[in-house]
Amino acid sequence: MVTITTEVATTARWDDVQRALTGGGDGASCQCIWPMLRNKDWNETTTPERVEMFRAEIDAGPPPGLIAYIDGEAAGWIRIGPRIRQRRLAHTRTIVAATQEPFDDDSVWAVSCFVVRRDHRGKGLNRALLDAAVDYAKGAGARVVEGYPVDTGGTSQRSNELFHGTLSTFVAAGFEPRGELKAGRPLVALDVTS
């Protein structure tokens, strides 16, 4: 049996963040900066620039996400933080149309990215990351946590298409559908004040 633990992403854990982002998928090139930039700005950045932007974000704090460890090895990542800081979300028309929460409310947090190393998939990391992210958000004063998962309908999907997480993971963690971005892409939310 594996032991899964999680830690917030801090400067001291930079190497672990980088390890978690590699090993399959787009994490190494994206550097989880995609949710932070509008599309035009994203398209004008290079991977080395994204690395520096992400490092600066972590150095400045507060931690923008959590790292999952399996038996002490960095194995996965989740981005969680106030939705208002994740600039792309406020400029995504489908999210704006589907949410029931005002965009200027910093007590609304968002989960916008999951990465799990290929060698650690299928071990429950996404659920462990999501549970830890909800606890982190609650402890930091969040009122609501939103997610924008993929409804796989039980079918297999390419891992690069699942960085938003899966609907089944969010539902198992207590999230409820609150709107639809498009077919197969619900907006889900969890009230964390109780």
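The values are calculated or read from the model by the stated rules, or taken from the named source; none is laboratory data. This one's a predicted model, so the numbers in the text were calculated from it and none came from an experiment. Here Cβ is always computed from backbone atoms with ideal geometry, including for glycine, and neighbour counts include all displayed protein chains.
Could we say that Gly179 is in a strand (DSSP E or B) and at pLDDT below 95 here?
Details: in a strand (DSSP E or B): yes; at pLDDT below 95: yes.
Judged against the criteria, Gly179 is a match.
Scanning segment 78-126 for residues that are part of a loop (DSSP other than H, G, I, E, B) and small (Gly, Ala, Ser) yields Ser107, Gly122, Gly124. Residues in segment 59-87 that are touching a Phe, Trp or Tyr at 6+ places or on another chain (Cβ under 7 Å) and surrounded by fewer than 20 Cβ atoms within 10 Å (Cβ to Cβ): Pro82, Ile84.
Selection over segment 7-37 of residues that are surrounded by 22 or more Cβ atoms within 10 Å (Cβ to Cβ), farther than 16 Å from Phe163 by Cα and polar (S, T, N, Q) gives a count of 0. Against the conditions (1) in contact with a Lys or Arg (Cβ under 6 Å, 6 or more places away or on another chain); (2) surrounded by fewer than 23 Cβ atoms within 10 Å (Cβ to Cβ); (3) under 14 Å from Arg79 (Cα atoms), Leu162 satisfies every one except (1). Screening Thr152 against (1) at pLDDT 90 or above; (2) in contact with a helix residue (DSSP H, G or I) (Cβ under 8 Å, 6 or more places away or on another chain); (3) not basic (Lys, Arg) leaves a single unmet condition, (1).
Looking across segment 46-93, just one residue is more than 15 Å from Asp15 (Cα to Cα) and touching a His at 6+ places or on another chain (Cβ under 9 Å), and that is Ile70.
Pick out, from segment 1-57, the helices (runs of 4 or more DSSP H) lying fully within it that include 1 or more residues that are in contact with a strand residue (DSSP E or B) (Cβ under 6 Å, 6 or more places away or on another chain) and either at pLDDT 95 or above or over 28 Å from Gly122 (Cα atoms) (or both).
Working: elements: 14-21, 27-30, 39-43.
Answer list for segment 1-57: 14-21.
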